[in-house]
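Working notes for the structure below.
The values are calculated or read from the model by the stated rules, or taken from the named source; none is laboratory data. None of the values given here were measured: they were computed from a predicted structure. Here Cβ is always computed from backbone atoms with ideal geometry, including for glycine, and neighbour counts include all displayed protein chains.
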Amino acid sequence: MPAAQLNILCRRAAALEENLENMRPDKQKVVDEVWDDGRIEGFLHKAPRGDEDPDYSVLLTAYRAMRPEDFQRFLAMYVAAGRDPAARSRGGQTLRETIAGHRRADVFRQLLADAGG
């Protein structure tokens, strides 16, 4: 890597570090937050992104936001609502196919397969 690029990266890293140090101390990181049924069910009513299939868009949004145990509860609600767990993206992929290469997606892929996706 050229020295100029390395210098830019070092400056960016230093700026990020400074921003982290200046974060408000009252803004605590939330870990193991409880997701109640109402919050999970709210994902069923999310508007689709762009011209994406609404069922696929909802699945993708839930996958990105939820832990596996919450996603499992979501899928039960999703299927009970008559939504399609095998919905396809504009590119023709199911969510299970879309996330196939993701490092921590195995549990999610199995949950989708169990739900018919």
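Looking at region 96-112, can you tell me whether even one residue there is hydroxyl-bearing (S, T, Y) and either touching an Asp or Glu at 6+ places or on another chain (Cβ under 7 Å) or more than 20 Å from D37 (Cβ to Cβ) (or both)? Yes, region 96-112 has at least one match. The number of residues in region 96-117 that are touching a Pro at 6+ places or on another chain (Cβ under 8 Å) and assigned to a helix (DSSP H, G or I) comes to 4. The requirement of being outside any loop (DSSP other than H, G, I, E, B), surrounded by 18 or more Cβ atoms within 10 Å (Cβ to Cβ) and on the phi < 0 side of the Ramachandran plot is not satisfied by V79. Would you check which residues across region 40-53 are in contact (Cβ under 8 Å) with a residue 12 or more places away in the chain and part of a helix (DSSP H, G or I) and list them? Passing the criteria: I40, E41, F43, L44. Mind listing whichever residues of region 101-112 are at pLDDT below 95 and either touching a helix residue (DSSP H, G or I) at 6+ places or on another chain (Cβ under 7 Å) or over 20 Å from E69 (Cα atoms) (or both)? The answer is G101, and nothing else.
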